[in-house]
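Peer 1: Structure in structure tokens, see below.
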Amino acid sequence: MESQTRSISFGTPGDVSSISPQLDRMIKQKSRDLRLRKVDQQSAVKTVNHLIESLLEYLKKNEDQPFFRDVSVLTSGSYYEVVKINKPNEFDIMLKLKVPRLELSELEEYQGLFYKVKLVKATRKEIQHFLLEDERTISATKIKEEMHRLVRKFISNHFKGKGWVINRKLVNSPAVTLEYNNKEKEDDVMSVDIVPTLEVPQGWPQAARSGPNIDNWLGKKCRRQFVSKAVYFVPKRPKGRNLKDDAKESWRISFSHIEKEMMQYHGNKKTCCESFSNKCCRKRCLQLLKCLIEGLKQRYPKELEPLCSYHGKTAFFHVLSDRVQDSLWSPGQMSVSFMKLFGYFERRALDGSLLHFFVRQHNLFSPPAFPKRALAFLTNALKEQRELEFPVLKVPSPSAALVPDTDALLHPNPINGTDSIVASERSFRHVYAWLVVVIVCVGIGCVFV
């Protein structure tokens, strides 16, 4: 069987000396397979643009809530960063709300990621309907509920029966999520996250004021330009139980506009990716890591519920700030570069420390957002993937399928990478033996009849 003859890549996280020819070919082929088809992109973008343009027109004319009339769009997320994989089926749209001057109060227990947002002075403008009892603190809950109500009414009035449906509200999500079901392709489902957003132009909060660590990568001038830009806040509360009132009404800081810009101008030199001769493999490596994370979550949805693509994206930015030279990311270095990125991600999981790229005091792998049990599972799952040469990136087949073993993955001892494969082979032999017995018995019965 293939599982018995293929080479196993034992090593340490980030070890590139053990890249077999088979693994090298698989990584490069998978990278090509993840690219989006232009015809799919054109169709999806046309559908989404029509929805958003219609929503903006509806909001600007709506008489229910004047505060939402003056909104503008900020696109974000993997599609607009050109790192979306497989299908153009997820879009993130931030709707910037026009607000008076704001002041921020950091919620200290969340290390610079969540804030209480208040008006500098009381007002009688339309925003007063979304303030708490102190008449200055902006309620994240009220903003989300009103956004949800307006979008639901918009869909009911203008897109009823046209394939768009609104998903149920999630407590920890800042978005109103719409799903589009294509009648011509039943399995072709597309989602759009609409996120109400507050823009704060008067400077980044103290926890992020030093800016991202990009001096050796994009340059000090670029870092200063980023820090001079506005920062955004979305109505997202921290994970966890028994939250305090301030946490329930908190806003999470967002750097999605900066992230998109870093993705666009990602080279150490400005000429990177401007022509075919200057292409790099940075984004393709991130796409591979996103695919791996997505595959693990599909296999272990309960165990890896806290894991998301943003963890991979954060690791990616840290690696870019360290491996700065464009020559290290040439297309010919695809496999080496991916293994370096994967190795960094695995080490961060082992250490239990993945620092936010912009708010460096915040650890994305810390409880309660990422429980220790889930982190232990992730650590062992990544180790198993490396040792078996990333079966989750391969085309699904019986020989490559791994049987989830929660006890083994959570056990502190190293995983024997061949156990799951050997177990599946033994199961197959047992089934085969029973089939032979049944056939022989049926044959004997027929003879006596």
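Peer 1: Give the accessible surface of region 217-269 per residue, rounded to a whole number of Å², with probe radius 1.4 Å and ligands, DNA and RNA excluded.
Peer 2: Ligands and nucleic acids excluded, the result is 50 Å² per residue.
Peer 1: Taking N as the number of residues in region 272-394, what value does Rg over Cα atoms divided by 2.2 N^0.38 Å take?
Peer 2: 1.08
Peer 1: I'd like the distance separating the alpha-carbon centroids of region 291-338 and region 155-230, in whole Å.
Peer 2: 20 Å
Peer 1: My understanding is that a pair violates if its Cα-Cα distance is over 26 Å; which of 60/84; 96/153; 121/313; 116/142; 84/185 do that in this structure?
Peer 2: As for pairs spanning more than 26 Å Cα to Cα, those are 60/84; 121/313.
Peer 1: Still on this structure, I have one more. Identify all aspartates and glutamates with a Cα-Cα distance to residue 269 below 12 Å; exclude those on the same chain that are fewer than 8 residues away in sequence.
Peer 2: Qualifying aspartates and glutamates at Cα under 12 Å: 326.
Peer 1: OK, next. Highest first, please rank the peptides 120-130, 328-338 by the mean number of other Cβ atoms sitting within 10 Å of their residues.
Peer 2: So the order, starting with the most tightly packed, is 328-338, 120-130.
Peer 1: Now, a different point. When a/c reaches 1.5 or more, the comparison of a/b and b/c decides; with that in mind, is region 102-250 rounded, prolate or oblate per its Cα gyration tensor?
Peer 2: Oblate is the answer for region 102-250, as a/c is 1.5 or above yet b/c matches or exceeds a/b.
Peer 1: If the limit is 30 Å between Cα atoms, which of 220/279; 28/220; 30/162; 244/283; 220/394; 169/394 go over it?
Peer 2: Pairs exceeding the cut-off: 28/220; 30/162; 244/283; 220/394; 169/394.
Peer 1: If you add up the charges near residue 125, with Lys and Arg at +1 and Asp and Glu at -1, over every other residue whose beta carbon is less than 14 angstrom from its beta carbon, what do you get?
Peer 2: Computed value for this residue: +3.
Peer 1: Once every Cα of region 207-290 carries one equal point scatterer and solvent is ignored, give the base-10 log of I(q)/I(0) from the Debye formula at q = 0.14, 0.20, 0.22 Å⁻¹, two decimals.
Peer 2: Per q value, in the given order, log10 I(q)/I(0) is -0.67, -1.01, -1.10.
The values are calculated or read from the model by the stated rules, or taken from the named source; none is laboratory data. What you see is a predicted model, and the numbers here were worked out from it, not measured in a lab. Note that we place each Cβ from the backbone using ideal geometry, even for glycine, and neighbour counts take in every protein chain shown. Ligands, DNA and RNA are stripped out before the accessible areas are found, and what is left, the full protein with its side chains, is counted by its heavy atoms. Shrake-Rupley method; radii C 1.70, N 1.55, O 1.52, S 1.80 Å.
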